[in-house]
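J.: Below is a structure I'd like to ask you about.
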């Protein structure tokens, strides 16, 4: 990515704003794809004051400090040949000032967020088939989600890397399951 145009840099500097950008290219193809992530982050007091003011409540967001555009480009590779390209664009906002969170820091944070998504929510959706759960009345859905989270946490604390495999082990061996909750069986 090239530098911001000089006119934009000067305009932002006059308003105590700035534009930062970063590109991260994965060094090699993983899981059949190469990935490039780009992030542009704008810290502009004028934009921050305007953002939110056109919404339902007509009030600017008081703690908004930066607005980000994230672009993820995935190139799918099979046997050394490109078989497809996918580009995904998303936007993010943050209350972190540019001095504390530059573009590279924000991109790492966003990547970490998806790590949590993949590690926790994906496990709940796939291993526990949470999306098809029929419990909907009262607080039942919250209770079931909490029980699933407790089970995942207990298995992770016990060192399980594969939650599905650990659940099967507990289903086959009651002693293993009881040990997770601190009960010793003779």
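J.: Only one of 64, 39, 12 is over 20 Å from residue 109 (Cα atoms), surrounded by 13 or more Cβ atoms within 10 Å (Cβ to Cβ) and touching a strand residue (DSSP E or B) at 6+ places or on another chain (Cβ under 6 Å); which?
T.: After ruling out the rest, the residue left standing is 12.
J.: Further, regarding this structure: Free of Cβ contacts under 8 Å to residues at least 40 places away in the same chain, within 23 Å of residue 32 (Cβ to Cβ) and either out of contact with any helix residue (DSSP H, G or I) (no Cβ under 7 Å at 6 or more places or on another chain) or in the same structural domain as residue 51 (by TED's automatic domain parsing) (or both), is that true of residue 126?
T.: In short, yes.
J.: Sticking with this one: If residue 134 passes every condition in (1) within 17 Å of the chain's Cα centre (by Cα); (2) not in a helix (DSSP H, G or I) but one, which one does it miss?
T.: Looking at each condition in turn, residue 134 falls short on (1).
J.: Shifting gears a bit: Does the range 40-58 contain any residue that is under 18 Å from the mean Cα position of the chain (by Cα) and modelled with pLDDT of 80 or more?
T.: yes
J.: Can you tell me how many residues in the range 45-67 are part of a strand (DSSP E or B) and without any contact (Cβ under 8 Å) to a residue 40 or more places away in the chain?
T.: So the count comes out to 1.
J.: Still on this structure: Considering only residues that are out of contact with any helix residue (DSSP H, G or I) (no Cβ under 8 Å at 6 or more places or on another chain) and assigned to a loop (DSSP other than H, G, I, E, B), look in the range 164-186 and name the one that is modelled with the lowest pLDDT.
T.: Looking at the filtered set, the residue picked out is 186.
The values are calculated or read from the model by the stated rules, or taken from the named source; none is laboratory data. If you're wondering where the values come from, they're calculated on a predicted model, not measured in any experiment. Cβ: placed from backbone, ideal geometry, glycine included. Neighbour counts: every protein chain shown.
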